[in-house]
Amino acid sequence: MAELSVDMVYGSALLEAARETGREEEILADAKGVLAVLDENGDLKKFMEYPGISAAEKKAVLEKVFAGKIGEEYMNFLLVLIDKRRAGRLSQIMKLYEQLKEKEDGVSYGTVYSVVALSEDRIKDLEEQTGRLLKTRVKLDNQLQPDLMAGFKILIDGKVIDASYKKKFEEIAARLNIKRGL
């Protein structure tokens, strides 16, 4: 839970700074580029996250690898993360940055629960349908929940859309109990 608040502090601070300079998209592109390089070079990622390596050494490597390839604002942000020993949270911070940015742009994030993993096409279809229903742009993350039996359940902005068979069976059982006078 503490990690989430740390991510929120850094993600929202970066978004606010990016907004002030009008560089939200550029910073997001820089972040995706840096994260891609770190993902492709596991040794570099481990180096940046290893607590036994000094901040000065990490900064020198970071500047050597990314100088001239990313904007000054994002480079400064990375250097702050190194100073504060938060480099290991970069991926989570940037995910939160993107979500906060998109939320400002009218995107709502939610989760679609299903028994089996849904295809990208099915998720996009559910995003469109849910977006029309809620009158907003929607992005859904798919998580498995085997006890649904079949169908799906969407949780977004505190609202639940339950189209699972489990829910339908519960509704049928409730109606049967009412008819029996139970």
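The values are calculated or read from the model by the stated rules, or taken from the named source; none is laboratory data. Here the structure is a predicted model, which is why all the values come from computation and not from measurement. So basically every Cβ, Gly included, is an ideal-geometry build from the backbone, and we count neighbours across all protein chains shown. These accessible areas exclude ligands, DNA and RNA; they are computed on the full protein's heavy atoms, side chains included. Shrake-Rupley method; radii C 1.70, N 1.55, O 1.52, S 1.80 Å.
Accessible area of the chain with a 1.4 Å probe: how many percent of it is carbon plus sulfur?
Values: 6210 of 11430 Å².
Of the solvent-accessible surface of the chain, carbon and sulfur hold 54 percent.
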At 7 Å along the Cα-to-beta-carbon direction for both Ser54 and Ala67, put a label point, then send me their distance in nm to one decimal. 1.8 nm
Which order do the peptides 68-80, 46-58 come out in when sorted by mean C-beta neighbours inside 10 angstrom, highest first? 68-80, 46-58
Over 23 Å between C-alpha atoms is what I'm after, so list which of Lys32/Lys58; Lys103/Lys159; Lys69/Lys95; Lys69/Lys124; Lys46/Lys84; Lys46/Lys69 land there. Lys69/Lys124
Show me the three semi-axes of the equivalent ellipsoid for region 13-64, from the C-alpha gyration tensor (sqrt of 5 times each eigenvalue), largest first, rounded to whole Å. 25, 14, 9
With Cβ to Cβ distances under 14 Å as the rule, what net charge do the other residues near Leu44 carry (K, R +1; D, E -1)? 0
Amide H neighbours of Phe152 under 5 Å, counting only residues 5+ apart in sequence or on other chains, H built in-plane at 1.01 Å? Ala163, Ser164, Tyr165
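Taking 1 over the mean of 1/r across every pair of different Cα atoms in the chain, what Kirkwood radius in Å do you get?
It is 19.3 Å.
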Return a whole-number percent for the relative contact order of region 1-113, with Cα pairs under 8 Å and 6 or more residues apart as the contact set. 42 percent
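Below 8 Å between Cα atoms, with a sequence gap of 6+, how large is the relative contact order for region 37-101 in percent?
Relative CO of region 37-101 lands at 30 percent.
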What number comes out for the charge environment of Ile123, summing +1 per Lys or Arg and -1 per Asp or Glu over other residues with Cβ under 11 Å away? -3
What's the local net charge at Tyr97, with K and R +1, D and E -1, over the other residues with C-beta under 14 Å away? -3
Compute the separation of the alpha-carbon centres of region 5-36 and region 117-170 and state it in Å as a whole number. 29 Å
